[in-house]
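Read through the structure below, which is laid out as structure tokens, and then see the notes.
The values are calculated or read from the model by the stated rules, or taken from the named source; none is laboratory data. Here the structure is a predicted model, which is why all the values come from computation and not from measurement. Using ideal geometry, Cβ is built from the backbone for each residue, glycine included, and neighbour counts are taken over all protein chains shown.
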Amino acid sequence: MSAASPQSQYVHKLTTAEAAAAMIADGSVLCVALGVGAPVALAGAVAGRVRSGALKDLHLVYQQALKPMADTLIQPDILEKVDARNFFIGEPDREMINRGIAEGRKYISYIPCNFSQIPRALTEAIHVNTFVVTVSPMDVSGHFSLGTNNDYASTVIRHCDRVVVEVNRYMPRVFGDSAVHVSEVQAIVENHVPLPEFPLREPDEDALAIGKTIAAMIPDGGTLQFGIGNLPTGVARFLGNHNDLGIHSELLSPPLADLIQRGVINGRKKTLHPRKHVFTIALGNAAMYSFMNDNPAMESYASSYVNDLRIIAAHDNLISVNTAIEIDLYGQVNAEFVNGHQYSGAGGQFDFVKGASLSRGGKSFIALKSAAKKETISCIVPRVQMATDTRMDVEHVVTEYGCVNLRGRSTRDRALALISIAHPGFREELTAHARQINLI
């Protein structure tokens, strides 16, 4: 570590977004932080260099495009000049992929990888030259905080050639393994802008029915992992009378933050990190970000730790709630593929499905509506397009028509069980198919 004080190091490394972007050489691998951690000014400056032709042969690696990535680097005139690869498909990515299909070109290439393995992929399989990330302001000891985004950031920072941080006073300071010392970064940019917010979709009647069913099966003292979407939000609506719940979740979202503030979640009964709310990525609103700031109960760790199935399994009563696009009569879950194309990604779903199944007293739930597209497409199907979760590990499956547990059931019994919670308009068709292939 340099003998210079943290404050003098900060002043020495402080620069503009344009000057920091100019440090990136042709042919470099640039990794951008996920979600709220994506730096606004730096992403814009890199896009400007690519657009002008000043930066060539750039290899762009990221997990999912949200704002500000969608407004800067995930644009057709940029993507036609760079090699873009990601670990999860978001709405802006889908738009570019669909545009590429229509034009007969490939704008973005998906990297199949569970969230728990992304830090390893970015340090062992992919060598990152420059990593850019938004951080909280530096404290008196010389440390920034990764705030909402630990995921792969804390790992890549220690293994890449160059780290450029964008300091934003709106980024909350979070504890755990979220600290980054000024000596670990090569350049600093200041840009104080409100963080992106992600409004929740209000649960509809079906989501509330699913949520009520799952909530009734969650024990007091359980430790929760919720995925994203209105179905997990529906579960949270029915947890108000529970006691001593905990959090060990890849995602921290407003429904979980609300339960913390109400005292429903306190972490007292957690096996690991008692009284701490552990996550690796946070997506929410300004109120949640403010609640997280300097909150000693909030701890973030790399996804290689939070999503490690051995760490998940070490928690007693770990309750995992995730959603899916479809599930087939064998019990295979597809949470990422639609109409022959990558729609989202594996994320950390399988990590928690498997980890919860190994937890003492743990339960894994796959929640999905029985039908989609105004009830014209069954979400319980003969065979999935792509298996995110294997039939060996899927346990509880819940639709608005009920809950079935596939653990220990034969192929015949699980097919019958899944048909029983399918939309009534598709049960006869599914039964006929199951008979045709001698499944029942």
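Condition check ((1) buried (at least 24 other Cβ atoms within 10 Å of the Cβ); (2) farther than 17 Å from Thr280 by Cα) across all residues:
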| site | (1), (2) |
| --- | --- |
| Ala216 | no, yes |
| Pro219 | no, yes |
| Pro232 | yes, yes |
| Gly240 | no, yes |
| Asn243 | no, yes |
| His248 | yes, no |
| Leu252 | yes, no |
| Pro255 | no, no |
| Asp258 | no, yes |
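Could you list, in sequence order, the residues of the stretch 394-417 that are touching a residue at least 40 places away in the same chain (Cβ under 8 Å), assigned to a strand (DSSP E or B) and among the aliphatic types (A, V, I, L, M)?
Result: Val397, Val398.
Does the stretch 312-327 contain at least one residue that is touching a residue at least 24 places away in the same chain (Cβ under 8 Å), more than 30 Å from Arg85 (Cβ to Cβ), surrounded by fewer than 24 Cβ atoms within 10 Å (Cβ to Cβ) and touching a strand residue (DSSP E or B) at 6+ places or on another chain (Cβ under 8 Å)?
Step one: filter the stretch 312-327 for residues touching a residue at least 24 places away in the same chain (Cβ under 8 Å), giving 312-327.
If we keep only those that are more than 30 Å from Arg85 (Cβ to Cβ) too, we end up with 313-319.
Applying the additional criterion that residues be surrounded by fewer than 24 Cβ atoms within 10 Å (Cβ to Cβ) yields 313-314, 316-317.
Narrowing further to those that are touching a strand residue (DSSP E or B) at 6+ places or on another chain (Cβ under 8 Å): 316-317.
Yes, that holds for at least one residue.
Pick from the stretch 57-80 the residues that are in contact with an Asp or Glu (Cβ under 9 Å, 6 or more places away or on another chain) and more than 26 Å from Asn114 (Cβ to Cβ): which of them is surrounded by the fewest Cβ atoms within 10 Å (Cβ to Cβ)?
Checked the stretch 57-80; the qualifying residue surrounded by the fewest Cβ atoms within 10 Å (Cβ to Cβ) is Asp57.
Which of the residues that make up the stretch 234-266 are among the hydrophobic types (A, V, I, L, M, F, W, C), in a helix (DSSP H, G or I) and within 20 Å of Ser290 (Cα to Cα)? Before the answer, list the steps.
So the first thing to find is which residues in the stretch 234-266 are among the hydrophobic types (A, V, I, L, M, F, W, C), and the list is 235-236, 238-239, 245, 247, 251-252, 256-257, 259-260, 264-265.
Then keep just the ones that are in a helix (DSSP H, G or I); that gives 235-236, 256-257, 259-260.
Of everything in the stretch 234-266, those that are among the hydrophobic types (A, V, I, L, M, F, W, C), in a helix (DSSP H, G or I) and within 20 Å of Ser290 (Cα to Cα) turn out to be Leu256, Ala257, Leu259, Ile260.
Considering (1) modelled with pLDDT under 95; (2) surrounded by fewer than 24 Cβ atoms within 10 Å (Cβ to Cβ), say which one Gly345 fails and leave the rest.
It is condition (2) that Gly345 fails.
Go through (1) closer than 23 Å to Met171 by Cα; (2) free of Cβ contacts under 8 Å to residues at least 60 places away in the same chain for Ser304 and report which single condition fails.
Only one criterion is unmet by Ser304, namely (2).
Need pairs with beta-carbon distance below 7 Å; first residue free of Cβ contacts under 8 Å to residues at least 40 places away in the same chain and over 9 Å from Gln332 (Cα atoms) and within the stretch 373-393, second surrounded by 20 or more Cβ atoms within 10 Å (Cβ to Cβ) and of a type in the set (A, V, I, L, M, F, W, C); sequence gap 6+ or separate chains.
Matching pairs, first to second residue: Ile377/Ala371.
Conditions tested, residue by residue: (1) modelled with pLDDT under 95; (2) out of contact with any Gly (no Cβ under 7 Å at 6 or more places or on another chain); (3) of a type outside the set (A, V, I, L, M, F, W, C); (4) farther than 16 Å from Leu318 by Cα.
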| site | (1), (2), (3), (4) |
| --- | --- |
| Gly355 | no, yes, yes, no |
| Ser359 | no, yes, yes, no |
| Lys369 | no, yes, yes, yes |
| Thr376 | no, yes, yes, yes |
| Asp413 | no, yes, yes, yes |
| Ala417 | no, yes, no, yes |
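Restricting the search to the stretch 357-370, which residues are in contact (Cβ under 8 Å) with a residue 60 or more places away in the chain, in a strand (DSSP E or B) and closer than 20 Å to Ser420 by Cα?
Phe365, Ala367
Just to confirm my filter: which strands (runs of 3 or more DSSP E) fall fully inside the stretch 85-157 and include at least 3 residues that are within 18 Å of Ala33 (Cβ to Cβ) and at pLDDT 95 or above? Steps first, answer last, please.
Values: elements: 108-110, 130-135, 143-145.
The strands (runs of 3 or more DSSP E) meeting that bar are 130-135, 143-145.
All but one of (1) part of a loop (DSSP other than H, G, I, E, B); (2) under 20 Å from the mean Cα position of the chain (by Cα) hold for Ala70, so report the exception by its number.
It is condition (1) that Ala70 fails.
What pairs can you find where one residue is in the stretch 37-62 and in contact (Cβ under 8 Å) with a residue 24 or more places away in the chain, the other is assigned to a helix (DSSP H, G or I) and not hydrophobic (A, V, I, L, M, F, W, C), and their Cβ atoms are less than 6 Å apart, with a gap of 6+ or different chains?
Pairs that qualify, where the first residue is in contact (Cβ under 8 Å) with a residue 24 or more places away in the chain and the partner is assigned to a helix (DSSP H, G or I) and not hydrophobic (A, V, I, L, M, F, W, C), are Ala45/Glu18; Leu55/Arg49.
Being of a type in the set (D, E, K, R) and free of Cβ contacts under 8 Å to residues at least 12 places away in the same chain is the filter here, so list the residues in the stretch 418-440 that pass it.
Kept after step one, since they are of a type in the set (D, E, K, R), are these residues of the stretch 418-440: 427-429, 435.
Across the stretch 418-440, the qualifying residues are Arg427, Glu428, Arg435.
Out of all the residues in the stretch 371-393, which are assigned to a loop (DSSP other than H, G, I, E, B) and either acidic (Asp, Glu) or crowded, with 22+ Cβ neighbours inside 10 Å (or both)?
Glu375, Val384, Thr388, Asp393 - these are the residues of the stretch 371-393 that are assigned to a loop (DSSP other than H, G, I, E, B) and either acidic (Asp, Glu) or crowded, with 22+ Cβ neighbours inside 10 Å (or both).
Scanning the stretch 296-311 for residues that are part of a loop (DSSP other than H, G, I, E, B), surrounded by 16 or more Cβ atoms within 10 Å (Cβ to Cβ) and not acidic (Asp, Glu), which turns out farthest from the chain's Cα centre (by Cα)? Don't jump to the end; show me each part of the working.
Going residue by residue through the stretch 296-311, those that are part of a loop (DSSP other than H, G, I, E, B) are 296-297, 301-302, 307-308.
From what is left, the residues that are surrounded by 16 or more Cβ atoms within 10 Å (Cβ to Cβ) are 297, 301-302, 307-308.
Narrowing the set further to residues that are not acidic (Asp, Glu) leaves 297, 301-302, 307.
Details: Ala297: 21, Tyr301: 13, Ala302: 12, Asn307: 11 Å.
Going through the qualifying residues, I end up with Ala297.
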